[in-house]
Number of protein chains: 4
Amino acid sequence: MRLAKTSFVISLLLLLVQIASAQTKPRARDLGVPFEGTPGPLNAITDVKGVEVGVTTLITGEVRTGVTAILPRGKDSADQVFAAWHSINGNGEMTGTTWIEEGGFLEGPVLITNTHSVGIVRDAAIMWALKHNKMPQPWALPVVAETFDGGLNDVNGFHVKPEHVFNALDSASSGPVAEGNVGGGTGMSCYGFKCGNGTSSRKVDGYTVGVLVQANHGGRNLLRIAGVPVGAEFSRQSTPGRPGNNDEEELGSIIIVVATDAPLLPHQLKRIARRTTHGLGRTGATSGNGSGDIVIAFSTANSQAAEAENLAQVSMLSNNRISALFDATAQATEEAIINALVAAETMTGAKGRTVQAIPHDRLKEILKKYNRLNETK
Amino acid sequence: MRLAKTSFVISLLLLLVQIASAQTKPRARDLGVPFEGTPGPLNAITDVKGVEVGVTTLITGEVRTGVTAILPRGKDSADQVFAAWHSINGNGEMTGTTWIEEGGFLEGPVLITNTHSVGIVRDAAIMWALKHNKMPQPWALPVVAETFDGGLNDVNGFHVKPEHVFNALDSASSGPVAEGNVGGGTGMSCYGFKCGNGTSSRKVDGYTVGVLVQANHGGRNLLRIAGVPVGAEFSRQSTPGRPGNNDEEELGSIIIVVATDAPLLPHQLKRIARRTTHGLGRTGATSGNGSGDIVIAFSTANSQAAEAENLAQVSMLSNNRISALFDATAQATEEAIINALVAAETMTGAKGRTVQAIPHDRLKEILKKYNRLNETK
Amino acid sequence: MRLAKTSFVISLLLLLVQIASAQTKPRARDLGVPFEGTPGPLNAITDVKGVEVGVTTLITGEVRTGVTAILPRGKDSADQVFAAWHSINGNGEMTGTTWIEEGGFLEGPVLITNTHSVGIVRDAAIMWALKHNKMPQPWALPVVAETFDGGLNDVNGFHVKPEHVFNALDSASSGPVAEGNVGGGTGMSCYGFKCGNGTSSRKVDGYTVGVLVQANHGGRNLLRIAGVPVGAEFSRQSTPGRPGNNDEEELGSIIIVVATDAPLLPHQLKRIARRTTHGLGRTGATSGNGSGDIVIAFSTANSQAAEAENLAQVSMLSNNRISALFDATAQATEEAIINALVAAETMTGAKGRTVQAIPHDRLKEILKKYNRLNETK
Amino acid sequence: MRLAKTSFVISLLLLLVQIASAQTKPRARDLGVPFEGTPGPLNAITDVKGVEVGVTTLITGEVRTGVTAILPRGKDSADQVFAAWHSINGNGEMTGTTWIEEGGFLEGPVLITNTHSVGIVRDAAIMWALKHNKMPQPWALPVVAETFDGGLNDVNGFHVKPEHVFNALDSASSGPVAEGNVGGGTGMSCYGFKCGNGTSSRKVDGYTVGVLVQANHGGRNLLRIAGVPVGAEFSRQSTPGRPGNNDEEELGSIIIVVATDAPLLPHQLKRIARRTTHGLGRTGATSGNGSGDIVIAFSTANSQAAEAENLAQVSMLSNNRISALFDATAQATEEAIINALVAAETMTGAKGRTVQAIPHDRLKEILKKYNRLNETK
């Protein structure tokens, strides 16, 4: 318990450091990586009005893990949002999806953690909902997803506790979103480099699409950035990091959360959720057998839709207008993944294992070699 | 061609006879079969305002088949309806479902015919839509379903022609719906007896749920009516008909069309579609391997939802109010199947094969034996 | 903790009492309820060779809950089974289904508990798998399902602890299966009466199909037993129990576990899973909005299929032989539900609430009224 | 009829020309487009042993359409193959999928044509199966898919006739596969250029994965080749072709057929089918609202699996070995699309409309600009 409390304080300190550094750390487009489309002001999921993100980061001893909380309408609202989900490759867990598929609503936050802490996070989410009177039914069916940080974290130590969940939820805020080694993403790696949380957004037709990922997927060889075969280039040299073979994709996964303020119904949000694969594919992923690549998409439009006692009046975007949102989803997914990769910093964790961050200078050189470095940045 | 024309005239005559006899032929509840819930005035899918049904019945030579058309908003409207589908056992065909699943709308009529005429009916539906300017997109993806009438019909003769489809569509009307040996149901059998089209409806909470089935499923042993093991009772005697073994279920299928005026969104209509299994199960079916038990459900509420150029304002029934519609769906499905069975008349068809109608008197005796005959009727 | 330990001892004592009384308590067919098909020797899911069931029953103070564990190949095997799942109405949780859908295997036990203890049971299942070296991957994605016992149990007290999960798993055995107020079913009600765990089996074509349910669904009016409108009969009188209105179905759910030794592949097991709806429908259920009616089906055939490093040689039953298993699944599901109802005993729980057991004598009278009482029993 | 016969002869002549030119026309990798992975000897779906492809190409008057037939085990076999399907965006049709999903087998050929000829092609497939005694059940549920050639073809003239289907089936062969303006792909466009049929294959771990596409999707801006933003480069100039805006994606679709000799079960083939999105995404597509992007995947392993009267013994590749096939699927899909684009030739069709082929020299220049031209080729 004392360990938990100490790690908790450290976590809070780390969060402050993260937020501070978030202002200064370069993001992918700061390095000159070219992307398509127009991001929102924060280039983050929080560009979708109402969305709040909170993290608890646990870094102490053998522990490198945490909790990420995404609250569609913020922590003070109990109003549900239309939602849908999709499994790209289902070697993973996202609880609560059966009710989303059936009823069309996401009742509470989306929480993301490590694979072996899904249960405690789920039950803690119920405790939090009970405490804050956010139970639309007498029971709750929380949405908790995961990726596996068994490389850097003592995942079988079950270090995530209810208070870490409460902290992530209670500290959630709008504004800039910390990326890299934070929250559920703390101990994650992708494409053979240190990875973790990443986010991005797009503005299109007056709407915003925001994406947040917990990225832990893919072997190094596969990595493509802005279409450039970056992974193959790194693999040609003995670049430090994890060994760059494709077998690694077996140990990875990605959770993708898509938020939008466009008034989409559940069946339309499922279409949006499926478009993340197009963005994921552009970064080189093929979603290997061991990957739990699971997506949830929600719309913050249509507030009070779930509150109506009898009939709700809701807005629905015409299918004829939805393609632009598909583009935006693919684009924001691609950038959120690259942002996670660029933001993450080299970490040494459990059993003394180290995973290197992707070297920014070398990345810029590779992009330049392929005439894909945006030098004006 | 001459044959086609002759059979067509005969078809029209038969239709008139059917409509006339529809007034006088007893339906299941006229025999005293007890059902739950409150039907609409016609106890038919046409109790849902706007829904029109038309049939072409082909009975000539070796031909015992036809086409049934259900037009959600009638033949004069091109306005789409929210829809969803479900496969209980997919050894069958319903074209157009992939677009319904994706876009949430049913663009045109639902057509039902025999298995080997699905293609011609589909293309004819496009011709009809082109002619009547009912194409929401430059292309059409018609919904055509089937069951297999290879027992009584020369199904490999491909006797259904485009004009039979046009006739079913052009002759569609509201009002009473002919049951039994009509339309696509002409040559069908279920539970070892002659079967075909059946319909029923329920009123609940100010809404109407209507069901139309093309029933061609189930071995005789399985049949339950009002919970009574009618099939087992018939099997104990040498009752004429098809031999009453369960292997027959292999050759059968059922198409179920659910219409409602309740304002349900596509994901809610999928819930409705799944509730037909509860009603089907009550009649004894277990949906054998050879059965194509496929369901489509649509809502006539929210007219113009598909027409909005940008945003549509639509009504959505609260999930908290939907259970009564689930009950209604199960009830109307159960009664529609029994209505098909009761309405169908003994038929001799291709190769001299005969399938007997269920004997009404014997059925009443069996129900009485189990204290389930409603004698006030 | 002391409370937990005490309740645990009480739980063990109760289990012994249950097993003892299981020999003497009448089951549905002992009362003379007629069912179709031929059960196995135990008329239980454990008729499928290898399947073991264990329960932890927590009855103390305000606590009326527990854990049920079903181990497909017994607690000493780490060999996976082919599996599939289906959601009849998804207002509930079954974790682990995304990986089952993707990979086709169930890796460990199926655990069932109350809604708010799913998380702790899930993580405890990982602890147990780690301890017993039953982890086919570096991570585990346990299958844990639930129904809501908030009526009789202090569900928001989170009384289920890891040791209760370990106990259910470690005490699992083949042989007779306790029914009624045991394990996860301890505090459950169905059709307005006390309910809980129930099981049944069928022998067909040399194969066995076994079903275990945790039944907590349905309003009283809906109840049909052997086709007889038992619920309506009870509702006509002021029978004690919960008020017999259909709104109650809103608070209920059913988890259905189907085991078979027939060599079915995952896509065939999905077909089996869907057939439980036919059986559920026969008991009157329409799976209301509040119901989490979720099914998992697995096959104990094809041992070692998941162990092959490269190629596995597996047996597959011909689709042409599968219909008999569909019948068996519907039949065993129907009987398992009625067995749960018949076995459960009147219980007083949290806040002094009491739910009455279905009165056996009155039930027999009703069946007799409809000539459906099998008096030879 | 005379017109049909003439067009038919022309079609045969065109086919010969196509096959001849197939030897000489450069394919994408001949131009120096770099791809990942190792193709089979033909770099075609026919590298999967047993697979035969046949086309009927109709080019006459206002007609620019045709039929493509893919026979998993060749035209002389009636043996079924395990199969699965996936809809990336379902604004399209693929008949027969409901039975594939249920039963796990593809019973006959896969046929691809234009949107408004799906029906006639489906019924003709039944006629062909009847004639050649290839009906595993008394009925057939053919698989027919489509994309929309309404730009260059008189699609509402319904010019495809049964004999065109028979010809495609009867002329199917192993060996090189004609690409571009042939078969169902005759009148298709993608990414704002003339497009049509394309194919590719990969060898991995001793298995072959082959892909054939009928490509008709995407606005020009979206096009990426080998990661290079080719579409954006073309859009910067006034390149002839169709106007390069994204709205065009609304009018396009892609059908993707994946064949493999790896012994995959239906649930594993569904995983393969989903991996085509990763490859499609790499070419820039986001599967707009109007796109019918539908996939079927089958395995030619496990011959006779469907023939067993009772039990079939089948091989299953370990899930732990499947990731390499995922990579292969994404790679072959990407290359098949680019092959379709490179092979297609400028066409003038109905109403005098012309769609330009992608200019090979300009394409090479663009690739060179981004250091992605493989000059050794």
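The values are calculated or read from the model by the stated rules, or taken from the named source; none is laboratory data. Because the structure is predicted, anything quoted here is derived from the model rather than measured. All Cβ positions, glycine included, derive from the backbone under ideal geometry; neighbour counts span all protein chains shown.
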Inset, instruction - Return yes when residue B:108 is without any contact (Cβ under 8 Å) to a residue 60 or more places away in the chain and under 16 Å from residue B:258 (Cα atoms) and no when it is not. - result: yes
Legend entry - Flag if residue D:82 is within 30 Å of residue A:87 (Cβ to Cβ), at the interface with chain B (Cβ under 7 Å from one of its Cβ atoms), of a type in the set (A, V, I, L, M, F, W, C) and in contact with a helix residue (DSSP H, G or I) (Cβ under 6 Å, 6 or more places away or on another chain): no
Inset, instruction - Would you check if there is a residue in the stretch B:292-301 being more than 26 Å from residue C:86 (Cβ to Cβ) and at pLDDT 95 or above? - result: yes
Inset, instruction - Considering only the stretch D:73-106, state which residues are crowded, with 24+ Cβ neighbours inside 10 Å, under 24 Å from residue C:268 (Cβ atoms) and charged (D, E, K, R). - result: D:102
Legend entry - Filter result (surrounded by fewer than 24 Cβ atoms within 10 Å (Cβ to Cβ) and touching a Lys or Arg at 6+ places or on another chain (Cβ under 7 Å)) within the stretch B:206-223: none
Inset, instruction - Determine the pairs where a residue that is under 22 Å from residue A:183 (Cα atoms) and of a type in the set (Phe, Trp, Tyr), located within the stretch A:344-367, has a partner that is at pLDDT 95 or above and outside any loop (DSSP other than H, G, I, E, B) with Cβ atoms under 6 Å apart, the partner being 6 or more residues away or on another chain. - result: none
Inset, instruction - Considering every residue within the stretch D:337-353, establish whether at least one is buried (at least 24 other Cβ atoms within 10 Å of the Cβ) and either closer than 24 Å to residue A:271 by Cα or within 10 Å of chain A (Cβ to nearest Cβ) (or both). - result: yes
Inset, instruction - Quick one: in the stretch C:280-290, of everything that is out of contact with any strand residue (DSSP E or B) (no Cβ under 8 Å at 6 or more places or on another chain) and assigned to a helix (DSSP H, G or I), which residue is farthest from the other protein chains (Cβ to nearest Cβ)? - result: C:282
Inset, instruction - Those residues that are away from chain C (no Cβ under 11 Å) and within 24 Å of residue A:218 (Cβ to Cβ), I need them from the stretch A:85-110; list them, please. - result: A:110
Legend entry - All positions within the stretch A:145-174 that are within 17 Å of the chain's Cα centre (by Cα), over 17 Å from residue A:52 (Cβ atoms) and not small (Gly, Ala, Ser): A:146, A:147, A:148, A:149
Legend entry - Top-ranked residue of the stretch C:50-70 - restricted to ones that are within 23 Å of residue C:262 (Cβ to Cβ) and surrounded by fewer than 24 Cβ atoms within 10 Å (Cβ to Cβ), ranked as farthest from the other protein chains (Cβ to nearest Cβ): C:52
Inset, instruction - Run down C:61, C:74 and say which single residue is modelled with pLDDT of 95 or more, under 27 Å from residue C:135 (Cβ atoms) and not aliphatic (A, V, I, L, M). - result: C:74
Legend entry - Top-ranked residue in the stretch B:53-92 [being part of a loop (DSSP other than H, G, I, E, B) and among the charged types (D, E, K, R); ranked as nearest to residue D:103 (Cα to Cα)]: B:62
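Okay, residues lined up against (1) among the hydroxyl-bearing types (Ser, Thr, Tyr); (2) within 20 Å of residue B:339 (Cα to Cα); (3) in contact (Cβ under 8 Å) with a residue 40 or more places away in the chain; (4) in contact with a Lys or Arg (Cβ under 9 Å, 6 or more places away or on another chain):
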residue	(1), (2), (3), (4)
B:139	no, no, no, no
B:154	no, no, yes, yes
B:158	no, no, yes, no
B:185	no, yes, yes, no
B:190	no, yes, yes, no
Legend entry - Looking only at the stretch C:340-377, and only at residues there that are among the polar types (S, T, N, Q) and in contact with a Ser or Thr (Cβ under 6 Å, 6 or more places away or on another chain), the one that is farthest from residue C:61 (Cα to Cα): C:356
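Check whether at least one residue in the stretch A:126-143 is within 19 Å of the chain's Cα centre (by Cα), buried (at least 20 other Cβ atoms within 10 Å of the Cβ) and at the interface with chain C (Cβ under 7 Å from one of its Cβ atoms), and report yes or no.
Looking through the stretch A:126-143, none of the residues is within 19 Å of the chain's Cα centre (by Cα), buried (at least 20 other Cβ atoms within 10 Å of the Cβ) and at the interface with chain C (Cβ under 7 Å from one of its Cβ atoms).
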Inset, instruction - Look through C:327, C:293 and report the one residue that is in a strand (DSSP E or B), in contact (Cβ under 8 Å) with a residue 12 or more places away in the chain and within 14 Å of chain B (Cβ to nearest Cβ). - result: C:293
Inset, instruction - Could you tell me which residue of the stretch A:296-319 is farthest from the other protein chains (Cβ to nearest Cβ), considering only residues that are polar (S, T, N, Q) and touching a residue at least 24 places away in the same chain (Cβ under 8 Å)? - result: A:300
Legend entry - Residues satisfying the stated conditions in the stretch B:144-166, i.e. buried (at least 22 other Cβ atoms within 10 Å of the Cβ) and more than 25 Å from residue B:101 (Cβ to Cβ): B:149, B:151, B:152, B:153, B:155, B:159, B:160, B:164
Inset, instruction - Would you check if there is a residue in the stretch A:100-122 being of a type in the set (A, V, I, L, M), within 24 Å of residue C:135 (Cβ to Cβ), part of a loop (DSSP other than H, G, I, E, B) and out of contact with any Asp or Glu (no Cβ under 6 Å at 6 or more places or on another chain)? - result: no
Inset, instruction - From (1) in a strand (DSSP E or B); (2) touching a Phe, Trp or Tyr at 6+ places or on another chain (Cβ under 8 Å); (3) of a type in the set (A, V, I, L, M, F, W, C), pick out the condition that doesn't hold for residue B:144. - result: (2)
Inset, instruction - From A:65, A:46, A:38, A:57, grab the single residue that is in contact (Cβ under 8 Å) with a residue 24 or more places away in the chain and within 16 Å of residue A:213 (Cβ to Cβ). - result: A:46
